[in-house]
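Engineer: Input: one structure, supplied below.
The values are calculated or read from the model by the stated rules, or taken from the named source; none is laboratory data. Model, not experiment: these values are computed from the prediction. Cβ placement follows ideal geometry from the backbone for every residue including glycine, while neighbour counts extend to all protein chains displayed. Ligands, DNA and RNA are excluded from the accessible area calculation, which covers all protein heavy atoms including side chains. Shrake-Rupley method; radii C 1.70, N 1.55, O 1.52, S 1.80 Å.
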Amino acid sequence: MLRRGAALATVPAVLAALLGATGPTTAGPAGGSGAGDPYFPLSGNGGYHVRHYGLTLRYDTSSRHLDGRAVLSARATQNLGRFDLDLDGLRVTGVTVDGTPAAFRRVGQELVVTPRRTLRAGRDFRVTVAYDGTPKPVTDPDGSTDGWIPTDDGAFVAGEPQGAMTWFPANSHPKDKSSYDITVTVPQGRTAVAGGVLLGQRTEHGRTTFRWRETEPTAAYLATVTIGAFKVEQYTTPDGIHVYNAVDPREASAAAPVLKKLPSVVAWESKLFGPYPFRSAGSIVDHAPGVGYALETQTRPLYDSAPDLSTLVHESAHQWFGDSVSLTAWKDIWLNEGFATYAEWLYAEQHGGDSAQKTFDALYARPASDHLWAFPPGDPGSGKNIFDAPVYARGAMTLHELRKAVGDRDFFRILRAWTAGHRGGHGTTAQFTALAERISGKRLDGLFHTWLFTKGKPNSA
C-alpha cells in the first residue's frame, strides 16, 4: 500500500431465519474469534484453514446493492463445534456446512456458525453463505477507509488491513491464504476486475458477467472486485505473463506513459528479486477521489488515480514482498513496506536518479524530533501506525544499512533467497534476520536491533 438483483441464496430465507436464532447447536470446542494478532484481534479466525473461496456476486451500481454467495472449502485444524467467519454489515440469509443447514448468529463482525455435528480435526468441509445488502467500507485505526468503497461508477475495493469482510465472509488475516474463483455480474458497460486470470465474460439481458481465477495462495485483503466504466488493455509479455490493465477514462492520458513501463519494471524486479511469482500482472486505475492510497492487490495493483512511476515500482515490488511472501503478524509490516520502498530507491539508483545512499542521507539528516523517528519500524505499537512513515522510510533505511554491512553480492542473494524460500507462504522478521546472517556469515543482530527496534534516531554505521 502507498497509503438489486435476484438473491443468490442457497437456503430459503424462512428456513435461514429459523436457523439463525434457534437452529440446532452442537456441543464441542469453538474455533477462535480472531487469529491472535494484537493489532487487529478480531481479524481472522482460529480452528480452520480456508483452501479456496468460490464467490458469486451481483452488484447494481445504481442501487449499490450486492447479492453474494460464498463457498469456502476449508480444513479443520482442531475439533470444531462452532467456528467464526469475518463479515461486516451485510445480511446473511442462509448458511450450510457440507450441504446441511447450520445455525448462525452475528456478533459484531463475527458470523458464528454452528454445524449440526462437530467437525473433526483434519476433516475437509465446505461452508456456503448466502448474503446481501449495501456494502460499506470500514474505518481503520489511522482514520483511513478500506473495504468496499463506493465510487460514482462502481466501487473501489481495497481490503488492507481489514476490509475483505465488507464484501465476503472470510478468514481475514494474512496468515490464512487461499485460491479464489470470483464470478461478478454487473450492469452492461461496467467492468468488474479481480486478481489472477480472466476466464471469460458474457453479456446478456443488460448485464455482463466476469469470471476470474487466482490459483496462487492469496491473503483475503489482497483480493478485489473493483467495478467501473473502465477501458481495458490486454497483452502478453515476452516472458509469458498475461497483463490486464483496467483504466478509468478520466485517468487514461495520465496513466498511459506509466503503465507502458509495467513490463520493463516487472522484468527489472525479476532480475533483482527472483522470478515473478504469478501468471498474470496488470493494473486497476480508478478515479476515486478521497481514497488517498494505492494497494498491491495480488497480480493487479489498485490505484485511486493515475500512478507515478515510483508508485508503480512500489506496488509491483509488493508482488514479491507482501503478496507472495506474506506476513504472519501485522507488527512485521516493514517486511512489506520497507522492502517496496527500498525497491523505489534501487530503481531510481539504476535509472539515472539519486543513489540509494543519497536518499538515505537526506532522510538521516532529519532532526531527532522529526516524525520519521517517532517509533521503530519493527515495533509500530498499534494498527494506527502500520502505514506511517517510519515503517516505510526507516524500514528501507534498515535494508540500506544491511546492504552496506554485507555488500551488494550478499545483499541481493539474501533478497532472492527470501522470495524463493518463502514463495507462496509467509515470513517473519526473525526468519529474515537469520537468513541474512546465514548467507553473509556475519552477526547482524545488533544492526537489526538498532534499526528495527530502537526508539528514536539511531546512530548510523
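Engineer: Which whole-number value in Å² is the accessible area per residue of the chain, probe 1.4 Å? It would help to have the intermediate numbers written out before the result.
Structural biologist: Values: 17040 Å² over 461 residues.
In whole numbers, the chain has 37 Å² accessible per residue.
Engineer: Please compute the net charge surrounding Val197, taking Lys and Arg as +1 and Asp and Glu as -1 over other residues with Cβ under 11 Å from its Cβ.
Structural biologist: Working: positive: Arg211, Arg213, Arg279, Arg300; negative: Asp181, Glu214, Glu216.
Every neighbour counted, the sum reads +1.
Engineer: Taking 8 Å as the Cα distance limit and 6 or more residues as the minimum spacing, I'd like the relative contact order of the stretch 314-411 as a percentage. Kindly include the intermediate steps, with their values, before the conclusion.
Structural biologist: On the way: 106 pairs, mean separation 31.2, N = 98.
Taking the mean separation of contacting Cα pairs over the length of the stretch 314-411, I get 32 percent.
Engineer: Now, a different point. In the set (1) 24.7; (2) 21.5; (3) 20.1, which value of mean projected area of the Cα convex hull in nm² was calculated from the structure you see?
Structural biologist: The value matching this structure is (2).
Engineer: Of all accessible surface on the stretch 407-449 at a 1.4 Å probe, what whole percent is carbon and sulfur?
Structural biologist: Details: 1080 of 2150 Å².
Here carbon and sulfur together make up 50 percent of the probe-accessible area.
Engineer: Give, as a single signed number, the net charge of other residues whose beta carbon lies under 10 Å from the beta carbon of Thr209, with Lys and Arg counted +1 and Asp and Glu -1.
Structural biologist: Values: positive: Arg58, Arg202, Arg207, Arg211; negative: Glu204.
In short, +3.
Engineer: In addition: Using a 1.4 angstrom probe with every protein chain in place, what is the largest-first accessible-area order of Val107, Val325? Display every interim value, and only then the final one.
Structural biologist: Details: Val107 75, Val325 5 Å².
Descending order: Val107, Val325.
Engineer: Cα gyration tensor of the stretch 358-413, axes a ≥ b ≥ c as square roots of the eigenvalues: rounded (a/c below 1.5), prolate (a/b > b/c) or oblate? Could the numbers behind the result be given before it?
Structural biologist: Numbers: a/c = 3.04, a/b = 1.54, b/c = 1.98.
Cα axes put the stretch 358-413 in the oblate bin.
Engineer: With just the Cα atoms defining each centre, how far is the stretch 83-143 from the stretch 248-281? Give it in Å.
Structural biologist: If you average the Cα positions of each part, the centres end up 36 Å apart.
Engineer: Oh, and also: Run the quick spin-label model on Asp124 and Thr77: label points 7 Å from Cα toward the beta carbon, then report their separation in nm to one decimal.
Structural biologist: Output for this residue pair reads 1.9 nm.
Engineer: Right, next: Take each of the peptides 213-221, 229-237, 142-150, average the number of other beta-carbon atoms within 10 Å over its residues, and list them starting from the highest. Could the numbers behind the result be given before it?
Structural biologist: Details: 213-221: 22.2, 229-237: 15.1, 142-150: 19.6.
Ranking, from highest mean packing down: 213-221, 142-150, 229-237.
Engineer: Moving on to the next point. How large is the direction-averaged shadow of the alpha-carbon convex hull of the stretch 60-218, in nm²? Before the final figure, lay out the partial values.
Structural biologist: Values: hull surface 40.9 nm².
Spelled out: convex hull of the Cα atoms, projected over all directions, averaged, 10.2 nm².
Engineer: How about Lys455: which aspartates and glutamates have a C-alpha closer than 13 Å to its C-alpha, ignoring those fewer than 8 places off in the same chain?
Structural biologist: Asp370, Asp379
Engineer: In terms of the Cα gyration tensor, with a ≥ b ≥ c the square roots of its eigenvalues, is the stretch 404-461 rounded because a/c is under 1.5, prolate because a/b exceeds b/c, or oblate?
Structural biologist: Numbers: a/c = 2.35, a/b = 1.46, b/c = 1.62.
In terms of gyration-tensor shape, oblate.
Engineer: Sorting check: for 330-338, 276-284, which peptide has the highest mean count of neighbouring beta carbons within 10 Å, and how do the rest follow? Walk me through the numbers before you get to the answer.
Structural biologist: Numbers: 330-338: 25.7, 276-284: 22.3.
Listed from highest to lowest mean packing, they are 330-338, 276-284.
Engineer: At 1.4 Å probe size, with the rest of the protein present, what percent of the exposed accessible area of the stretch 189-245 is carbon and sulfur atoms?
Structural biologist: On the way: 1090 of 2460 Å².
With neighbouring chains kept in place, the figure for the stretch 189-245 is 44 percent.
Engineer: Related question: Show me the ranking of peptides 168-177, 446-455 by mean Cβ neighbours inside 10 Å, starting with the highest.
Structural biologist: Highest-to-lowest ranking by the protection proxy: 168-177, 446-455.
Engineer: For the cross-link pairs Lys175/Lys404; Lys261/Lys457; Lys331/Lys358; Lys175/Lys358; Lys271/Lys457, which exceed 30 Å when the distance is taken from alpha carbon to alpha carbon? Write out the running numbers ahead of the final one.
Structural biologist: Values: Lys175/Lys404 32 Å; Lys261/Lys457 36 Å; Lys331/Lys358 28 Å; Lys175/Lys358 36 Å; Lys271/Lys457 33 Å.
Beyond 30 Å: Lys175/Lys404; Lys261/Lys457; Lys175/Lys358; Lys271/Lys457.
Engineer: Now for a different question. For the stretch 285-425, rounded, prolate or oblate, judged on the Cα gyration tensor with a ≥ b ≥ c (square roots of eigenvalues), a/c < 1.5 rounded, else prolate if a/b > b/c? Don't jump to the answer; show the numbers that get you there.
Structural biologist: On the way: a/c = 1.25, a/b = 1.12, b/c = 1.12.
Rounded.
Engineer: Moving on. Keeping all protein chains in position, work out how much accessible area Glu401 exposes to a 1.4 Å probe, and write it in Å² to the nearest 10.
Structural biologist: Number for this one is 10 Å².
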